[in-house]
Amino acid sequence: MKNISLLTAVFFSILFVSCKRTFQPIEYGKEACSHCKMTIMDKKFACEIVDKKGKVFKFDDMLCMKDFANDKKLNDEELLLFVADYKNPDSKFLDVKNAYLLHSEAFKTPMNGHIAAFSSSDEVSGSDQTNAQPIDWSNLK
Amino acid sequence: MKRLFGLFALLLSPLLCLATVTRVHPGNNSFSKAIAAAKTNDTLLVQPGVYKEHDILINKKLTIIGQQYPIIDGANKSQIIFITADSVVLQGLQVQNTGRSSMTDMAAIRVQNANYALVQNNKVLNNTYGVYLQNATYCTIQNNEIHSNSKDELNSGNGIHAWKCNNLIIRNNRISGHRDGIYFEFVTESHIIKNISTKNVRYGLHFMFSHNDTYTYNQFVDNGSGVAVMYSKGVIMLHNTFRYNWGDAAYAILLKEIADSRIEHNLFIKNTVGLYMESTTNIAVGENQFIDNGWAIKVMASCAQSDFVKNNFIGNSFDVATNGTMMLNNFKRNYWDKYDGYDLNRNGIGDVPYYPVSVYAVLTEQVPTAMILYRSFLTNIMDQVEKVMPSIIPDQLKDDEPSMKKWKL
């Protein structure tokens, strides 16, 4: 009997783990962008959507993520949106709504979105600042 | 007699402005110094040896010829050769070891704002970017060996990278181990001929926003995800071979938002997906061979006005897959090895139409994990039933005149 209760406990814990909506790491060089179908290679510009059901979509450029969300008419409020930190691409992804986004031709993103994300405005170095426009997710076209 | 003499003088006059030929020997920055000392139209013969130099600027019209492949070694520090003048010839060098950086694109040979450059017979080894063309026109890049085997594959660059160029000829190069073998962005009116692009991390060839280009007789083998042609018009793809592009997100050709293009006489062997099409208009797909692929063609419902004529489909797990019921493309006179119809009037054309999309192709498109039951008994029954009474498969997608015989291509 004890075994069975243990088993159900394990079963439910697995069930809950799999239901948790969370960031899923990207396998660079293997996985394709959900929108443009290109292989995701550039760690500096990768981003990800987790929808309300916990389904994960990965992108190589912020422009792809925005186009995808618009095409599928996803409601921003229900989504978890992640973007790579341009300065520390190997560290934790940033929440798009809190990140400091800059648009500049100098950012050579795979799909010419020209957008990079920083953890805060202090992180932006002088050379990246020139000709750059701060933007945010909601007014991204 | 006087007149004859005048003619002679006229004929010999080019000799007066004949350029000098200088030999360059290894030494402390001897190559850069020789270039600085040379005059326009001079020829430099670079003698064998190792030249540990980088950021070499060629800013006048010179002909630089390496003898027995002298080694220009960037020692992993910076970029190596910049060409900023018109009509420079660079040949017979071994250019190796650029620096690596995630911020600047480190190139072994960079042609910048220059025209009519000829880069040929070089060995370009272990660089981030091999040959980088930027605002260059009428340049020819031919017979080069461009290889990289960097361990940090994610930060590697492209073998031949062209950005905002036109009228290029990329011919007879062998490229491997880069991110994309050949990369075109905003490049028009150019030709890519007889190159062999293998084992690149991402694509063998990658087109972005590049109109009216032609690629013929190339081989793309064992690249990460094949060849991608995106957001372009008027691309002509003939006589190419696509082989062993295997993997979850791998395609022999990925077409996205392409219009008015031709894909003819190509060979697709053993690819996960032979031809993947999304949002395309007016593509002629004719006389290609699709052999032993997972999916020969995946054509999304967003594609229109394309004609698939006289292709051979042999030994593919799925001939055609699609994600909708609408079909605005035409299939005609193709040979399908899975066709089991008949030809009573013996005109070489099957009397009943062939439906190339199998039930299971439809199911796996919606539920990819259903693939696990492929080749089960139930699947076979479903397939047979659908053939008699199509209900799930898109019945508009059919070949009304399937060929009974394989096309000789």
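Every number here is computed from the coordinates shown, using simple stated rules; none is lab data. Bear in mind the structure is a predicted one, so any value in this text is a computation, not a measurement. Cβ sites come from the backbone with ideal geometry, for glycine too, and all protein chains shown count toward neighbours.
The angle between the Cα long axis of helix B:2-16 and the longest principal axis of the Cα atoms of chain B comes to about 70 degrees, rounded to the nearest 10. A Gaussian network model of chain B, with springs between Cα atoms under 10 Å, assigns the largest mean-square fluctuation among B:SER358, B:SER156, B:SER225 to B:SER358. Entry note: region B:253-305 has Rg to Rh equal to 0.95, where both radii use alpha-carbon atoms and Rh is the Kirkwood radius.
Taken over region B:200-353, the alpha-carbon convex hull comes to 100 cubic angstrom per residue. Where does helix A:62-71 land angle-wise versus the long Cα axis of chain A, in degrees 0 to 90, nearest 10? Rounded to the nearest ten degrees, it is 60. A simple count of charges around A:LYS53, restricted to other residues whose Cβ falls under 13 Å of its Cβ and scoring Lys, Arg +1 and Asp, Glu -1, yields +3.
When all alpha-carbon pairs of region B:270-379 are counted, what percent fall beyond 23 Å?
Values: 1720 of 5995 pairs.
More than 23 Å apart: 29 percent of the Cα pairs in region B:270-379.
Computed over region B:247-323, relative contact order equals 29 percent, with contacts defined as Cα pairs under 8 Å that lie 6+ residues apart. Connecting C-alpha atoms closer than 10 Å in a GNM of chain B, tell me which of B:GLN219, B:GLN134, B:GLN396 has the biggest fluctuation. Per the Cα network of chain B with a 10 Å cutoff, B:GLN396 tops the list.
Charged neighbours of B:CYS303, selected by a Cβ distance under 11 Å, balance to 0 (K, R count +1; D, E count -1).
According to the Cα-based calculation, Rg over Rh for region B:331-400 is 1.02, with Rh computed by the Kirkwood formula.
With N set to the residue count of chain A, report its C-alpha Rg divided by 2.2 N^0.38 Å to two decimal places.
Normalised Cα radius of gyration, chain A: 1.23.
Each Lys and Arg contributes +1 and each Asp and Glu -1, all at the Cβ; summed about the Cα centre of the protein assembly as shown, the dipole is approximately 1500 debye.
Shielding value for B:198-210 is 2, the average number of Cβ atoms from other chains within 10 Å of each residue's Cβ. Note on B:247-255: average number of Cβ atoms from other chains within 10 Å of each residue's Cβ is 3. Using just its DSSP H runs of length 4 or more, each adding -39500 (n - 2.57), the protein assembly as shown gives a mean residue ellipticity at 222 nm of -4000 deg cm²/dmol after division by all residues.
One quarter of the surface of the convex hull around the alpha-carbon atoms of region B:63-204 equals 7.3 nm², the direction-averaged projected area. For region B:328-363 and region A:56-127, what is the separation of their C-alpha centers, rounded to whole Å? For region B:328-363 versus region A:56-127, the Cα centre distance is 47 Å.
Dimensions of region B:323-365 along the principal axes, based on C-alpha atoms and rounded to the nearest Å, stand at 36, 21, 13, largest first. Axis angle, to the nearest 10 degrees, between helix B:377-388 and the longest C-alpha principal axis of chain B: 80 degrees. Cβ-to-Cβ counts within 10 Å put B:LEU45, B:LEU168 in ascending order as B:LEU45, B:LEU168, the fewest first.
When the Gaussian network model of chain B links Cα atoms closer than 10 Å, the mean-square fluctuations of B:ILE372, B:ILE109, B:ILE192 top out at B:ILE372.
Here the average projected area of the convex hull drawn through the C-alpha atoms of region A:18-79 stands at 4.2 nm². Taking a ≥ b ≥ c as the square roots of the eigenvalues of the Cα gyration tensor, the protein assembly as shown is classed as oblate, since a/c reaches at least 1.5 and a/b does not exceed b/c. The order of B:LEU328, A:LEU79, going from fewest to most other C-beta atoms within 10 Å of their C-beta, is B:LEU328, A:LEU79.
Restricting attention to the protein assembly as shown, close to 15% of DSSP beta bridges with both partner residues there are antiparallel.
What's the percent breakdown of Cα-Cα distances in chain B across 10 Å bins, shortest bin first? Binned Cα distances yield the sequence 5, 21, 25, 18, 13, 9, 6, 2, 1, 0.
Partner shielding of A:28-37 amounts to 5, given as the average count of beta-carbon atoms from other chains within 10 Å of each residue beta-carbon. Put in line by how crowded their Cβ is, counting other Cβ atoms within 10 Å and starting with the fewest, B:THR84, B:THR322 read B:THR84, B:THR322. Between the C-alpha center of region B:62-107 and that of region B:238-317 there is a gap of 37 Å.
In this Cβ point-charge picture (+1 for Lys and Arg, -1 for Asp and Glu), chain B has a dipole of about 1780 debye about its Cα centre.
Which value, to two decimals, describes the C-alpha radius of gyration of region B:100-153 once divided by 2.2 N^0.38 Å?
That works out to 1.19 for region B:100-153.
Work out the charge dipole of chain B with +1 on the Cβ of Lys and Arg and -1 on the Cβ of Asp and Glu about the Cα centre, then indicate which of B:VAL95, B:MET404, B:HIS211 is farthest towards its positive end. Going by the Cα projections, it comes out as B:VAL95.
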